[in-house]
Each structure stands twice: as structure tokens, then as C-alpha cells.
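Chemist: I'd like to ask you about the structure that follows.
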Amino acid sequence: MKVSTEKADNQKLVLTIEVPADELTNAVNAACKQLANRVNIPGFRKGHAPKHILTQRLGEGAILDEAFDILAPKAFDNALTEQKIEPVDRPKIEIVTLENGKDVVFKATVTPKPEVTLGDYKGIHAEMPAVEVTDDKVEEQIENMRKHHAKMTDAAADAAVEKDNFVTLDFLGKVDDKAFAGGEGKDYPLQIGSGQFIAGFEDQLIGMKIGEEKDVNVKFPEDYHETTLAGKDAVFHCKINSIKIQELPELTDEFVKNSTSYENIEDLKKNLHENMLKSAQSRAEGEFRSSVLKIASDNASVDVPDIMIDNRVNNMLNELSLSLENNGMNMEQYLKYSNSDIAALRETYRESAVEAVKTDLVLEKIAQTEDIKVENKEVDTEIAMMAARYGTTPKEVKKIVAQNGYIANLYDTISRKKAAQFIMDNIEK
């Protein structure tokens, strides 16, 4: 077998592969056996029709095509091994010569995994940021807890709307004295000061009383998701139907004991502080790790192929779609609400996709350079973690991973994790 390569446009490589004629002969014989088992030919039992009958019935071209499908994958894999090419996409195959008695010649166009030139990744200077949880933050959490257990009571008949009150109101919005879709509500619940409505709307309701009506003047933001309203002045005719006051429970040891797993206020504050500190430290460690890996990635140079970026964007969009479905929304609704389209969304994800792919490539190169190995027990541990995450058994996860051909991906993932840890272990502090 002969193999030659030439560079093509768009980061692609063209392999010209020549396979000896005798291998085609063997492939044609194998193709005849396969076809004889698939087609019904009168006068012959399945699998027993001879080659010349198959040729008469199906045509020489059909047999050669079947033979090529047998011969080409092995030849392509051997060519990749010989040339030490690891493609990141499916090959585009073009047959040059496919005739009985002649060498088979075909071209395979692929995008090879790019070469990575590492920069500094050992001895990166970085310091873990200090983490602090103030008393104010703890008090804020306690206030949220009190609000969660708050009671709603009707305000006095002559009470006026105040900040933080909960009201129900009727409203009808108009732009240029014309009502618009989505601009009307009946007995709509709203907490004053929540920022749920357009800026300035809720403030103008303060001081109104039950039954009182008033025109509220606002302006839609320039980047409002409904483009027909963006930047427009609007008038909402509003009527207050009810006013409710949020009564927070008094913070006492009894309240704490009855509504939490803690015995008293002191115990609550102590545990809140500890838990908040752990969460803050975990977030800080994650951000610190990401920043260090970004430095190592930025120090390296690599020309990331477009196909790898596109594939990563596709994965990100699939993850978004699943997340939306879990929250009762689909992609079409999301795009309509955000006043966007799929092309614009893909573009917003592109930068982070480039960074993610580059980081993976850099980590793979570091794993090769540092001769980082993955042991079978580490794969078993990763599978066990996946099983716990998805609420199933390691045996079932291993079965699914094997069926989908993801074993190699799993080894690569663990290898990148170990490379990332290698960087973290060699930080200059």
C-alpha cells in the first residue's frame, strides 16, 4: 500500500491511498459472499449464487462498490497509522480508480488533530485568593430564612402602598395610545421593589391606595427582548386591588429550633458561617483552578480546527437544550424570549468553545510530555462516580460506556484531569 499526503484548505489534509490489485480481488470475493447472503436469486439458495451470476444480476459496479466498502476502512486506518495522523472528523472519501485488475486509488480528506506547542505550565505563579464570610452575609441568609417563613396579612383599608409590600393590580399598557400584546394583566401579583417590571414602574405605585387608579409612565429599555417595544415610551393604566404586608417571624431561639435543625440563634449563626465559608472556599478553589489552567493554555500555541470548535458548540447547545427541557422550556421558546436565533446563539458560545477545546488539547499534550498514565482502577473510580451522579450502578454505566464506544474517551478525560492536577501540584506560590 502506498500513501501520500498533501495539505488542503481549511486545516485539512488529503491522503491519497493506493491499494494493490490483489487486495481488491480478495475484497471482491468477500463482497460476493456478502451479497449472495443478502439477495434472493431464483434457482440458487441464499449464499450460494456464484460470482458470474451475481455480476449478471447486480452489475459489476455494485460488486466493486461492496468490495470498496470492505477494503477502504482497513486501508484508511493503516494509512493513518503509517502517517501518524489522528483525525478529528469523519473522512470525505473520493474514489479515483476502482476497476478489476487495477490498483485501487482513493483520496481521504480529513482534519488532523493539531500540533500543540507548549509554553510554561510548570511553576506558574498564582496565589489562592483569601475567602471571607462577613457577619452581614450571615445576617442576610438569616433574613432570607425569616422571609421564607413570613406570613402575609392584609393591609388596613386606608393603607398606601409601600416598598416591599405585595400587591395585586390590574394594568393596561399602551404605546402611541395603542394597546400591545402582553401589556395587560388582571389581579397580577407583584412585590414592590422586586424589579420584576420595567425600571420606574414599581416606584410609581408607591403611595397608591386600594381601589385607586393611576397612569404610570415608563420607557422600555433599548435592548428589550421585544424589538417592537424597545426604546418606546409607554403608559400603563393601573388599579390597585389589594395590599398585603409581609410579617417576618421574630428571630428567637424557639423560632430557630422549630424551623431549622439547630437549637438556638448562636448555633444557627455558627453553622451558617461554617457552611457559607465551605461554599465560598469551594467556589474560590474552582475559580483559582480555572485561572491557573487558563494561564497554561494561554502560554501554549495551537491552531484549533473549526470542526472541533463547531462540535464543542454543538455539545454546549445540547446541554442548554436539556437544561431548558428540565425547566419546562424548549429551545424555540428560549430563542423567542431572548430575541435571538440559533446562529447568534452559536456565535455567543464560540469564544468559550475555542478556549475549552484549546485547554483540552494543551492538557492532552502535557499528559504525553509528562508520560501521565491512566490505570484501570482510576477508570473504575470514574465510572463509580458517574453511577452515583446518575443514580445507577457502576455495572450499568460501564455497559453503556462500552456499547457507545466511549471507553477511549473516558481514558482521555481522566488523563486530562491528571494533567490538570499536575499543573496545580507544580504551582509557584
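Chemist: Please list the non-local residues whose amide H lies under 5 Å from the amide H of residue 124, H modeled 1.01 Å from N, same-chain partners needing a gap of 5 or more.
Modeler: Amide H to amide H, under 5 Å and 5 or more residues apart or across chains, residue 124 pairs with 428.
Chemist: So how far apart, in nm, are the two label points at residue 16 and residue 90 if each is 7 Å from Cα heading toward Cβ?
Modeler: So the label points at residue 16 and residue 90 sit 2.6 nm apart.
Chemist: At 1.4 Å probe size, with every protein chain present, just tell me what the per residue accessible area of the range 1-154 comes to in Å².
Modeler: Heavy-atom accessible area per residue stands at 64 Å².
Chemist: Something else about it: Short version: ³J(HN,Hα) in whole Hz for each residue of the range 307-319, in order, from phi by Karplus 6.51 cos²θ - 1.76 cosθ + 1.60 (θ = phi - 60°), x for Gly and Pro, what are they?
Modeler: Rounded to whole hertz, the list is 5, 5, 5, 4, 5, 5, 4, 4, 4, 5, 5, 5, 5.
Chemist: Same structure again: For the range 257-352, with every protein chain kept in place, what is the accessible area per residue (1.4 Å probe, Å²)?
Modeler: 66 Å²
Chemist: Another question, then. Once amide H atoms are built 1.01 Å from N in the peptide plane, which residues 5 or more positions from residue 300, or in another chain, come under 5 Å H to H?
Modeler: 119
Chemist: Then there's this: Apply the Karplus curve 6.51 cos²θ - 1.76 cosθ + 1.60, θ = phi - 60°, to the phi angles in the range 23-35 and return the couplings in whole Hz, x for Gly and Pro.
Modeler: Values per residue, Gly and Pro as x: 5, 5, 4, 4, 5, 5, 4, 5, 5, 4, 5, 4, 5 Hz.
Chemist: When ranked by the protection proxy of mean other Cβ atoms within 10 Å per residue, highest first, what sequence do the peptides 129-135, 56-62 form?
Modeler: Output ranking for 129-135, 56-62: 56-62, 129-135.
Chemist: State which entries of 137/270; 377/418; 122/418; 122/358; 163/244; 219/244 exceed 20 angstrom in Cα-Cα distance in the structure shown.
Modeler: The pairs that break the limit, which is 20 Å between Cα atoms, are 219/244.
Chemist: Can I ask one more? Taking only protein heavy atoms and a 1.4 Å probe, what accessible area per residue, in Å², does the range 168-229 have with all protein chains in place?
Modeler: Accessible surface, normalised per residue, equals 60 Å².
Chemist: Sort 45, 38 from largest to smallest accessible area, using a 1.4 Å probe on the heavy atoms of the protein chains.
Modeler: If we order 45, 38 from most to least accessible, we get 45, 38.
Chemist: Then there is this: Using θ = phi - 60° and the Karplus relation 6.51 cos²θ - 1.76 cosθ + 1.60, list the HN-Hα couplings for the range 345-352 in order, rounded to whole Hz, with x at every Gly or Pro.
Modeler: Working through the residues one at a time gives 5, 4, 5, 5, 7, 4, 4, 5 Hz.
Chemist: Then there is this: Structure shown: which of 174/336; 294/417; 7/74 lie over 18 Å apart, alpha-carbon to alpha-carbon?
Modeler: Flagged as over cut-off: 174/336; 7/74.
Chemist: Moving to a separate point now. Ignoring ligands, DNA and RNA, please state the percent of accessible area on the range 11-156 from carbon and sulfur, probe 1.4 Å.
Modeler: C and S atoms contribute 47 percent here.
Chemist: Another question about this same structure. Using a 1.4 Å probe on the protein heavy atoms, what percent of the accessible area of the range 166-256 belongs to carbon and sulfur?
Modeler: 48 percent
Chemist: Also, quick follow-up: Using the per-residue mean of other Cβ atoms lying within 10 Å as a proxy for protection, in what order, highest first, do the peptides 160-171, 5-16 fall?
Modeler: Averaged packing, sorted descending, gives the order 160-171, 5-16.
Chemist: Follow-up question, since we're still on this one. Provide the gained length on full extension for the span residue 149 to residue 290, in nm with one decimal, where the gain is 0.36 nm per separating residue minus the Cα-Cα distance.
Modeler: Stretched fully, the residue 149-residue 290 segment lengthens by 47.0 nm.
Chemist: Hey, could you get me the Stokes-Einstein D for the chain, Kirkwood radius over alpha-carbon pairs, 4 °C and 1.567 mPa s, rounded to whole µm² s⁻¹?
Modeler: D = 44 µm²/s.
The values are calculated or read from the model by the stated rules, or taken from the named source; none is laboratory data. Remember, predicted model here, so these are calculated numbers, not experimental data. Neighbour counts run over all protein chains shown; Cβ positions are idealised from the backbone, glycine included. Ligands, DNA and RNA are stripped out before the accessible areas are found, and what is left, the full protein with its side chains, is counted by its heavy atoms. Shrake-Rupley method; radii C 1.70, N 1.55, O 1.52, S 1.80 Å.
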